[in-house]
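Right, one structure below, let's go through it.
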Amino acid sequence: MQTQFPGLPAARKPLRTWLRMQQREPEKLWAYLFVAPAVLLVLLFRFYPMLTGIGYSFTNWDGINPPQFIGLANFQELFFKDLLFRTSLINLFKILLTLPLWIFLPLVLALLIHQGVPGWRFFRAAFFFPTVLSAAIIAAIFTMVLRIDGAVNLFLGLVGIEGPDWLGTTQTSLPALIAVALWGQFGVGVVVYLAGLATVEQDLFDAAKVDGANWGQTLWYVTVPSIQPTVEFYTVTTIRNLLAGLFAFVFVLTAGGPGASSTLPEYIIWLNMGSENRLGYASAISTILFVVFLLIVLVQVRLMGLRQGGDK
Amino acid sequence: MSAKLMKFAAVLTVLSMILAGCAAPTPAAPTVVPTAAPKPITLTVWDFKSGDPLFAPYTKDAIKRFQEKNPHVKVELVPQPMAEYYNILGTAISANKGPDVVLLHGDPRLVERQDLLLPLNKYLGKDIDQLAGQEQFKNVKTGELVGTPITIQGSVWYYSKKVYTEAGLDPNKPPKTWDELVANCDVIKTKTQKDCFSIGMKDGNGLHFFMNILVNATFTAQEQADWKARKMPWDHPKMLKVLQMVADANKRGWWQKGYASATLFNDSYDYFISGKSAHVAGLISDSGNWKYLSDGMGADNVGMFKGVTVDPQIAADPSKLPTSATGGIGWSVMKWSPEPDMAVKLVQQLASPESLAVLANSAGAIVARKDVDPASLTNPFMKQIVTWLKEPAFDPWNSVIGTAARNEWHRQAPLLLLGDTTVEKVTAYMNTFEFKK
């Protein structure tokens, strides 16, 4: 009976046979050796923390006493008792509803730059500028700008509008946070889309022109389909960012308030692992976020696979 | 051929490394062994105050004195932002390593971390008798001191004599009753268009010092004890009464515009200093206190009062109101410190009379040492506060609430002021949250 060695190429073959194969093709062994450090780093600094975090989510670990297994108690509390967490999920859902804005605003701007509008070089640099600033600095700047006596309300006052306390009302705090985060991050999208547009063959645009297509028709029938892989890639990274990349904005701009109107799950993770000494609970929230993101990515990959199958 | 050469080179390299490691050490020539110098030590200190220019001279002085006595020790002081201090400390706790010495509030935030703090009784010896405000720095399970208090802290209200004068009110007569306060605020609003109180609700804590005074004017001694022991529900009639006063003040438009996104420290105080509001609820010691306000607007413009009477049975005159005071902040040594003895020495220096005298001078702190006589300081504010501290005092209302409930209250309080909830709803919710009723 042949011994199974999971993970090894030609896994049904015994180890000795496998090693003999490497001797005949030594370049494969060298390839494994060269990728080994990177793989080890990923395993050590990504997978290991992730797995231990998932493990802690089933405990009552407070960082002070040893963790004790409590089964699904953390998850039960999160979904059935923790009003703050459920509120944060609603806030997260509201943010995800703005996903089209995050995807298509940079696309429109990139298209305009690609088509060489007047001042396109300036706009390309200007749109990218916010991305070189850290999120905390952007948030600190906008904390001043969005104050009741800040620049935004000053300009609104010039046209006779009394602006609200953008960060201090439950109706405006989350939209203000989204707007600031979008301002800080849309430049990356512009650059990504510009790179994608650079790969589109000029012949396609010439052919569309010859066929009499106008700007809108060219955009819809030629440009967007040509850069669909770029759009899909940017969508996945944007979703990841929205799920777990807005902490600095919440931390600096609103501290999750007023009330819980701008609280997000990652901010609750921060509170629970910090001042409230509930690391097991915080790990449970992290696990939920991970599962949500994994599901979204799997759906995305499935749709991409269907599209590629349809293209064939 | 080249593959063989590479393998040969790799084997040769590994062999030479092994041989080098196995080589016999060169025998050292015999020498006279000198007296061992103490090994260099680095102590890391976290606090949330050294970024404050009023507080910084004290830590600078203490560290300087300590390093003069212990030149082989380097002290790394890392100030952290106050609003996130305990969150940041929590990340260190989860890693089971971090600073050697930490600054903590003498309230549930210390108790929740008491098992991580080094007991100090055996180190402090008789010096322990000189420490005031010790109760808040003890391990509640063992009774041992796990922190050295350095300040006594409490709430008072301040008023702007300049705004009072502008409004035609007597700048030397702050209001004595709640009704007088309401009347004064009406006059101030009408005649000066200035705000009655400035608060900062971004972190949700902007009502604390305002409410501390109202609680002292409303709760009996037993009710204060029940609240401290967390036996009083949030919807107790007296608590409802205090919150109704807050709601009333809110309805009257007492607070400045933009209060929900302003911070307590120091937006609310800076607003008061700029002369845009008539009152601010502040502290007696080292932060948000008369010193900070006086430096900003001139001591002559700052008025201080203990509060207003609400229930004549509690106090018929403001001078008879209980004082809001407790052990304030103090230094603790973390058990994980690899150099606990040296860390304790640093804490002793930080809590020493000479260093605390610097704190009293620079920040107007009421220091928690009986052998530093604040009466020796001639400042009238200090003298008044010291007089008040000789009277019965209760722990400030906010200081006895556990962290989770406090965090939740910080979320609910702004909603109460913004009109998104009511007193009845918020108290019912806090009952459920804290007591799971």
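What is the number of the single condition among (1) within 12 Å of chain A (Cβ to nearest Cβ); (2) touching a residue at least 24 places away in the same chain (Cβ under 8 Å); (3) open to solvent by less than 50 Å² (accessible area, probe 1.4 Å) that B:L418 does not meet?
Of (1) within 12 Å of chain A (Cβ to nearest Cβ); (2) touching a residue at least 24 places away in the same chain (Cβ under 8 Å); (3) open to solvent by less than 50 Å² (accessible area, probe 1.4 Å), only one is false for B:L418: (3).
I'd like the full set of residues that are aromatic (F, W, Y) and either outside any helix (DSSP H, G or I) or surrounded by 14 or more Cβ atoms within 10 Å (Cβ to Cβ) (or both), limited to segment A:121-142.
A:F123, A:F127, A:F128, A:F142
Which of the residues that make up segment B:125-163 are in contact (Cβ under 8 Å) with a residue 40 or more places away in the chain, farther than 16 Å from B:G330 by Cα and either assigned to a loop (DSSP other than H, G, I, E, B) or basic (K, R) (or both)?
If the condition is that a residue be in contact (Cβ under 8 Å) with a residue 40 or more places away in the chain, farther than 16 Å from B:G330 by Cα and either assigned to a loop (DSSP other than H, G, I, E, B) or basic (K, R) (or both), then B:K161, B:K162 are the ones that fit.
What is the residue count in segment B:338-363 for residues that are outside any helix (DSSP H, G or I) and touching a Pro at 6+ places or on another chain (Cβ under 8 Å)?
The total comes to 1.
Got a sec? Which helices (runs of 4 or more DSSP H) wholly within segment B:212-290 have at least 1 residues that are within 14 Å of chain A (Cβ to nearest Cβ)?
It comes to B:237-251, B:269-273.
Tell me yes or no: at least one residue of segment A:270-282 is part of a helix (DSSP H, G or I) and away from chain B (no Cβ under 14 Å).
Looking for residues that are part of a helix (DSSP H, G or I) and away from chain B (no Cβ under 14 Å), one finds none in segment A:270-282, hence no.
Can you confirm whether B:T190 is surrounded by fewer than 19 Cβ atoms within 10 Å (Cβ to Cβ) and under 30 Å from A:L167 (Cα atoms)?
When the stated conditions are applied, B:T190 passes them.
Table: residues versus (1) more than 19 Å from the chain's Cα centre (by Cα); (2) more than 20 Å from B:D52 (Cβ to Cβ); (3) open to solvent by 10 Å² or more (accessible area, probe 1.4 Å); (4) not charged (D, E, K, R).
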site	(1), (2), (3), (4)
B:G282	no, no, no, yes
B:D300	yes, yes, yes, no
B:G307	yes, yes, no, yes
B:K320	yes, yes, yes, no
B:G327	no, no, no, yes
B:G330	no, no, no, yes
B:P340	yes, yes, yes, yes
B:A343	yes, yes, no, yes
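Just to verify a result, which residue in segment B:84-124, among those that are more than 12 Å from chain A (Cβ to nearest Cβ), in a helix (DSSP H, G or I) and not aromatic (F, W, Y), is most open to solvent (accessible area, probe 1.4 Å)?
Only one residue tops the list, namely B:K122.
List every residue pair whose Cβ atoms sit under 8 Å apart, with the two residues 6 or more apart in sequence or on different chains, where the first one lies in segment A:173-202 and is over 28 Å from A:W220 (Cα atoms) and the second, anywhere, is modelled with pLDDT of 90 or more and open to solvent by 60 Å² or more (accessible area, probe 1.4 Å).
A:S173/A:W166; A:L174/A:K94; A:A176/A:W166
Against the condition surrounded by fewer than 16 Cβ atoms within 10 Å (Cβ to Cβ) and at pLDDT below 95, how does B:D371 come out, does it pass?
Here the answer is yes, as B:D371 does meet what is asked.
Checking B:S160 against (1) under 13 Å from the mean Cα position of the chain (by Cα); (2) crowded, with 20+ Cβ neighbours inside 10 Å, which single condition isn't satisfied?
B:S160 satisfies all of (1) under 13 Å from the mean Cα position of the chain (by Cα); (2) crowded, with 20+ Cβ neighbours inside 10 Å except (1).
Could you run through segment B:246-263 and say how many residues are over 19 Å from A:V152 (Cβ atoms) and open to solvent by less than 10 Å² (accessible area, probe 1.4 Å)?
Within segment B:246-263, residues that are over 19 Å from A:V152 (Cβ atoms) and open to solvent by less than 10 Å² (accessible area, probe 1.4 Å) number 3.
Does A:D206 fit the bill of being surrounded by fewer than 16 Cβ atoms within 10 Å (Cβ to Cβ) and acidic (D, E)?
For A:D206, the condition - surrounded by fewer than 16 Cβ atoms within 10 Å (Cβ to Cβ) and acidic (D, E) - is met.
State the number of residues belonging to segment A:210-269 that are aromatic (F, W, Y), open to solvent by 20 Å² or more (accessible area, probe 1.4 Å) and within 14 Å of chain B (Cβ to nearest Cβ).
The qualifying residues number 2.
Scan segment B:49-83 for residues that are outside any helix (DSSP H, G or I), away from chain A (no Cβ under 14 Å) and either at positive phi or open to solvent by 40 Å² or more (accessible area, probe 1.4 Å) (or both) and jot them down.
Selection gives B:G51, B:P53, B:P71, B:H72, B:K74, B:E76, B:L77, B:V78, B:P79.
Enumerate the helices (runs of 4 or more DSSP H) found wholly within segment A:199-262, keeping only those where 1 or more residues are modelled with pLDDT of 85 or more and among the charged types (D, E, K, R).
A:202-210, A:228-244
So, of the residues in segment A:144-187 that are open to solvent by less than 10 Å² (accessible area, probe 1.4 Å) and over 25 Å from B:L417 (Cβ atoms), which turns out to be farthest from the other protein chains (Cβ to nearest Cβ)?
Result: A:G187.
Please specify each residue of segment B:383-405 satisfying the condition of being without any contact (Cβ under 8 Å) to a residue 60 or more places away in the chain and either of a type in the set (S, T, N, Q) or closer than 30 Å to B:K320 by Cα (or both).
Passing the criteria: B:K383, B:V386, B:T387, B:K390.
Only one of B:N398, B:N379, B:N361 is at pLDDT below 90, away from every other protein chain (no Cβ under 14 Å), open to solvent by 10 Å² or more (accessible area, probe 1.4 Å) and within 24 Å of B:M82 (Cα to Cα); which?
Exactly one of B:N398, B:N379, B:N361 is at pLDDT below 90, away from every other protein chain (no Cβ under 14 Å), open to solvent by 10 Å² or more (accessible area, probe 1.4 Å) and within 24 Å of B:M82 (Cα to Cα), namely B:N361.
I'm told B:V400 meets every condition in (1) within 22 Å of B:N216 (Cβ to Cβ); (2) more than 16 Å from the chain's Cα centre (by Cα) except one. Can you identify the failing condition by its number?
(2)
Within the set of pairs 6 or more residues apart or between chains, which connect a residue that is of a type in the set (G, A, S) inside segment A:86-105 to a residue that is open to solvent by less than 10 Å² (accessible area, probe 1.4 Å) with Cβ atoms less than 7 Å apart?
Correct list of pairs: A:S88/A:T263; A:S88/A:L264; A:S88/A:P265; A:S88/A:I268.
The values are calculated or read from the model by the stated rules, or taken from the named source; none is laboratory data. All values derive from a computational prediction rather than experimental measurement. Here the Cβ is made from the backbone with ideal geometry for all residues, glycine too, and neighbour counts use every protein chain on show. Ligands, DNA and RNA are stripped out before the accessible areas are found, and what is left, the full protein with its side chains, is counted by its heavy atoms. Shrake-Rupley method; radii C 1.70, N 1.55, O 1.52, S 1.80 Å.
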